[in-house]
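Structure first, then comments.
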Amino acid sequence: MTHCSLSLSLLLAPALASATKRKILVLGDSLSAEYGLARGSGWVALLEARLKSQQRELEVVNASISGETTSGGRSRLPALLSKEQPSLVIIELGGNDALRGLPVGMTRDNLRAMVQVCKKAGARVLLVGMEMPPNYGAAYGRDFADSFETVAREEKVGLVPFLLAGVADRPDAEAWFQADRIHPLAKAHPLMLEHVWKGLAPLL
């Protein structure tokens, strides 16, 4: 290779790397949208920092919206897939469905539809599950939690069973949540990232 060709290849390398950088799309609700937190302290931002520290050519696109339901995510997803063309999608939705008392069957159908449209677009999927407190009723809570496992098993995609494991079920759980007792404090988000990472790492 001539000196001129070598110089040109070195100049083009950063641009080529940027053009081919793969994307991780995070489609979530307030638990992923840094609700009540300082910017950069949520688990999605921590994920981006970890990937950068590992020098992985991956860009994280956080398309999470506070209050989002599975229906809202399902309606937004096709346009996001078209625009971002991610290689991997993390779906963290369903909690707001349960808080509104929506039918578990509808939530499950929406989750399945989102997974299928991601797979059709050529993206891998990591489904992030949620659980409800006992006051929502044992049967409802069980069916709700099982819906994530059912979809993941049927569609053969990755699963994080419970995003708030090790946080919501702690003896001192109240000390890990904001005043609304729904949204975790910043100190909980590194634990949340660890749960997501266990399911995400095999897919990278």
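The values are calculated or read from the model by the stated rules, or taken from the named source; none is laboratory data. Everything numeric here is computed off the predicted structure, so don't read it as measured data. Here the Cβ is made from the backbone with ideal geometry for all residues, glycine too, and neighbour counts use every protein chain on show. Note: accessible area is taken over every heavy atom of the protein model, side chains too, but ligands, DNA and RNA are not part of it. Shrake-Rupley method; radii C 1.70, N 1.55, O 1.52, S 1.80 Å.
Here are the numbers for this structure:
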quantity: Any hit, region 130-147, residues being touching a residue at least 12 places away in the same chain (Cβ under 8 Å) and touching a strand residue (DSSP E or B) at 6+ places or on another chain (Cβ under 7 Å); calculated: no
quantity: Identity of the residue in region 40-58, in contact with a Ser or Thr (Cβ under 9 Å, 6 or more places away or on another chain) and without any contact (Cβ under 8 Å) to a residue 60 or more places away in the chain, that ends up most open to solvent (accessible area, probe 1.4 Å); calculated: 57
quantity: Odd one out for residue 132, checked against (1) modelled with pLDDT of 95 or more; (2) buried (at least 16 other Cβ atoms within 10 Å of the Cβ); (3) in contact with a Phe, Trp or Tyr (Cβ under 8 Å, 6 or more places away or on another chain); calculated: (1)
quantity: Residue tally, condition open to solvent by 30 Å² or more (accessible area, probe 1.4 Å) and either assigned to a helix (DSSP H, G or I) or among the β-branched types (Val, Ile, Thr) (or both), over region 173-190; calculated: 7
quantity: Residue count, region 113-128 (criterion: open to solvent by less than 20 Å² (accessible area, probe 1.4 Å) and either of a type in the set (S, T, N, Q) or touching a Ser or Thr at 6+ places or on another chain (Cβ under 8 Å) (or both)); calculated: 2
quantity: Answer residue from region 149-172, given it is within 22 Å of residue 108 (Cα to Cα) and aliphatic (A, V, I, L, M) and is most open to solvent (accessible area, probe 1.4 Å) among those; calculated: 159
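Condition check ((1) under 16 Å from residue 90 (Cβ atoms); (2) outside any helix (DSSP H, G or I)) across all residues:
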position: 132; (1), (2): no, yes
position: 135; (1), (2): no, no
position: 139; (1), (2): no, no
position: 149; (1), (2): no, no
position: 152; (1), (2): yes, no
position: 159; (1), (2): yes, yes
position: 163; (1), (2): yes, yes
position: 166; (1), (2): no, yes
